[in-house]
Amino acid sequence: MTARVLVTGAGRGIGAACARAFAASGARVARADLAAPAGEGPAFAFAFAFAFAFAFAFAFAFDVSDEAAVTAMADSLRASWGGLDVLVHCAGIIHEAPLLRTPVADFDRVIAVNLRGSFLVGRAAIGLMTPDAADPPRVLMIASDMAHYGRETFSPYVASKHGVLGLVRSWAKEFAPGILVNAICPGPIDTDMLGAAHMSAEWRAKELAIPLARFGQPEEVAATALFLASDGGRYFTGQAIGPNGGSVMP
Ligand code: NAP
């Protein structure tokens with residue numbers, strides 16, 4: 001059976017690269033984003049199933065922190081596909097500010113999107129999966145190399161990504177051996193998130209102080225996701241895999 005894959009954050013950056021990579025591998029790909037993923041014309045309402053060329057079977061536009069919206073998306077996928085084989089959860093936001101200039105509303109928003117969103121989307125996806133020890137469905141959560149260490153002026157983001165690893169490790173145990181759950185922990189990847197709108201020039205320079213001394217490409221993260229979803233990934237669960245240029249060496 002052709003794999004049924006849900007990719008969140010699929011409109012740009014790492015999520016868009018993952019959606020392209022899975023589609024190119026022959027999977028059916030449902031793409032989700034806050035706004036409608038680019039390339040389909042005007043934005044459309046949530047849960048509008050869109051028959052798109054190639055393997056892009058559906059596009060959804062919703063906020064991953066909105067429980068009702070996530071549930072409705074899952075209901076739509078169940079009705080259309082009958083289940084799900086792979087989740088690649090990429091949706092996320094970053095926030096840079098010194099702690100003493102971080103309003104709690106900014107903390108709440110980062111935690112809502114990155115951690116609550118991971119919980120809601122992961123829970124919905126697992127609910128759509130049929131556990132199978134011989135050919136397990138895969139849950140892939142994009143965390144960050146910052147899930148492994150602290151980073152001044154990014155504490156809400158860092159805390160949210162540590163939390164994602166907590167979800168992954170707990171779900172990996174709860175659903176073994178029928179469903180495999182892993183985190184992908186990228187280092188600095190050349191996307192909008194690393195752009196000037198979100199990170200200072202000072203931090204972009206610091207991000208390059210890693211052994212491979214370059215930003216990674218979204219396609220290099222997508223390759224990691226493809227591997228973890230492949231037959232070669234069957235002995236991985238509860239892991240934090242790092243396409244990170246050597247930024248972290250656990
Ligand atoms: P990006 O280019 O900024 O893309 C983020 C994606 O998430 C966008 O498609 C965005 O949708 C979507 N999104 C944001 N808030 C959302 C919400 N509330 N509900 C639904 N979708 C939402 O970032 P990226 O670099 O590809 O990051 C993808 C993931 O990788 C994130 O979880 C990020 O933390 C993680 N990561 C990135 C890096 C890096 O250096 N870039 C490193 C480590 C980890 P819209 O386009 O509609 O706004």
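Using alpha-carbon positions, what is the distance between the centroids of region 214-250 and region 56-77, in Å? If we compute the Cα centre of each part, the gap is 26 Å.
Remark: spin-label model distance Asp106-Gln217 equals 3.4 nm, labels positioned 7 Å along the Cα→Cβ axis. Peptide packing for 8-17, 187-196, 110-119 was compared via the average number of neighbouring C-beta atoms within 10 Å per residue; ordered from the highest value, the list is 8-17, 110-119, 187-196. Helix 155-175: angle to the longest alpha-carbon principal axis of the chain, degrees 0 to 90, nearest 10? Approximately 40 degrees, to the nearest ten. Using a probe of 1.4 Å, the accessible surface attributed to His198 totals some 80 Å² when neighbouring protein chains are kept in position. log10 I(q)/I(0), Debye, Cα-only region 90-211, no solvent, q = 0.14, 0.19, 0.21 Å⁻¹? Rounded to two decimals, the profile gives -0.64, -1.01, -1.16. Phi angles across region 93-102 convert, under the Karplus curve 6.51 cos²θ - 1.76 cosθ + 1.60 with θ = phi - 60°, into 3J(HN,Hα) values of 9, 10, 8, 10, 6, x, 3, 6, 10, 10 Hz, Gly and Pro given as x.
Pairs of alpha-carbon atoms within less than 8 angstrom and 6+ residues apart define the contacts here; what relative contact order does region 4-241 have, in percent?
Computed value for region 4-241: 20 percent relative contact order.
The 1.4 Å probe gives accessible areas that order Leu100, Leu34, largest first, as Leu100, Leu34.
Just the protein heavy atoms count here, and of the accessible area of the chain at 1.4 Å, carbon and sulfur take up 59 percent. Based on DSSP H segments of at least four residues, each scored -39500 (n - 2.57), the chain has a per-residue ellipticity at 222 nm of -11000 deg cm²/dmol. For the chain, the pair-distance distribution built from all alpha carbon pairs, in bins 5 Å wide starting at 0, is 1, 7, 14, 19, 21, 17, 12, 6, 3, 0, 0 percent.
Could you pull out which residues in region 149-168 have an amide N less than 15 Å from a spot 7 Å beyond the Cα of Ala97, following the Cα-Cβ vector? Answer for this model: 153-158.
Accessible area per residue for region 4-241 is 43 Å², calculated with a 1.4 Å probe on protein heavy atoms, without ligands, DNA or RNA.
Please check: in the Gaussian network model of the chain (C-alpha springs, under 10 Å), which one of Ala30, Ala197, Ala125 has the largest mean-square fluctuation. With Cα springs under 10 Å in the chain, the top fluctuation among Ala30, Ala197, Ala125 is at Ala197.
The values are calculated or read from the model by the stated rules, or taken from the named source; none is laboratory data. As the structure is a computational prediction, the values presented were derived from the model and not from experiment. Here Cβ is always computed from backbone atoms with ideal geometry, including for glycine, and neighbour counts include all displayed protein chains. Side chains included, ligands, DNA and RNA excluded: accessible areas come from the protein's heavy atoms. Shrake-Rupley method; radii C 1.70, N 1.55, O 1.52, S 1.80 Å.
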